[in-house]
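Novice: Submitted below is the structure of interest, expressed as structure tokens.
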Amino acid sequence: QVQLVESGGGLVQPGGSLRLSCAVSGTSFSLATMGWYRQAPGKERELVARITSVGYTNYADSVKGRFILSRDHAKKTLYLQMSSLKPEDTAFYYCNLISPVNSYAYWGQGTQVTVSS
């Protein structure tokens with residue numbers, strides 16, 4: 001059974017930092033394309049950042065230069081380091097994995113990030 005478990009969300013002041021983690025089990029990690037998406041109230045879910053199996057990354061324009069995506073193959077964990085956070089970064093953040101076996105998209109349960117003073 002594939003499981004993605006996110007952690008690291010919370011309340012932070014504008015300009016602050018948070019690191020989100022997504023621990024993966026039940027499927028190949030190193031061969032999968034993975035990413036973070038977010039959804040704010042009343043808005044559609046959007047891609048934040050994504051990394052392919054060969055390490056190619058792409059970021060939403062709104063987070064370029066502020067967010068860094070990385071992964072630890074030994075721990076089978078995907079990270080999103082978020083810096084210089086803005087109120088508009090407030091959203092529910094979801095971890096996503098595309099199975100290298102059948103291209104099925106798996107989602108974590110999400111973690112709330114709130115940027116507010």
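The values are calculated or read from the model by the stated rules, or taken from the named source; none is laboratory data. Please read these numbers as outputs of a predicted model, since none were measured by experiment. For accessibility, only protein heavy atoms count, side chains too; no ligands or nucleic acids. Shrake-Rupley method; radii C 1.70, N 1.55, O 1.52, S 1.80 Å.
Novice: Students sometimes get this wrong: rank I51, I68 by accessible area, probe 1.4 Å, all chains present, largest first.
Specialist: Descending order: I68, I51.
Novice: Thinking of the chain as a set of Cα atoms, what percent of all their pairs are more than 20 Å apart?
Specialist: 36 percent
Novice: From the protein chains alone at 1.4 Å, what is the descending order of accessible area for D72, D61, largest first?
Specialist: Working: D72 45, D61 125 Å².
Heavy-atom accessible area, descending, gives D61, D72.
Novice: Express the relative contact order of the chain as a whole percentage, based on alpha carbon pairs under 8 Å and six or more residues apart in sequence. Provide the component values of the computation, followed by the final result.
Specialist: On the way: 288 pairs, mean separation 42.5, N = 117.
With pairs under 8 Å counted, the relative contact order is 36 percent.
Novice: Just by accessible area at a 1.4 angstrom probe, what is the order of S103, S117, S28 from largest to smallest?
Specialist: Of S103, S117, S28, the descending order of accessible area is S117, S103, S28.
Novice: Can you tell me how much longer the chain between S17 and V5 gets when fully stretched, taken as 0.36 nm per residue apart minus their C-alpha distance, in nm with one decimal?
Specialist: 2.3 nm
Novice: Okay, moving on. Suppose we keep just the DSSP beta bridges with both residues in the chain; what percent of those would be antiparallel, to 5?
Specialist: If we restrict to bridges inside the chain, about 95 percent are antiparallel.
Novice: Something else: Excluding ligands, DNA and RNA, what is the solvent-accessible area per residue of the chain at a probe of 1.4 Å, expressed in Å²?
Specialist: Normalised by residue count, the accessible surface of the chain is 52 Å².
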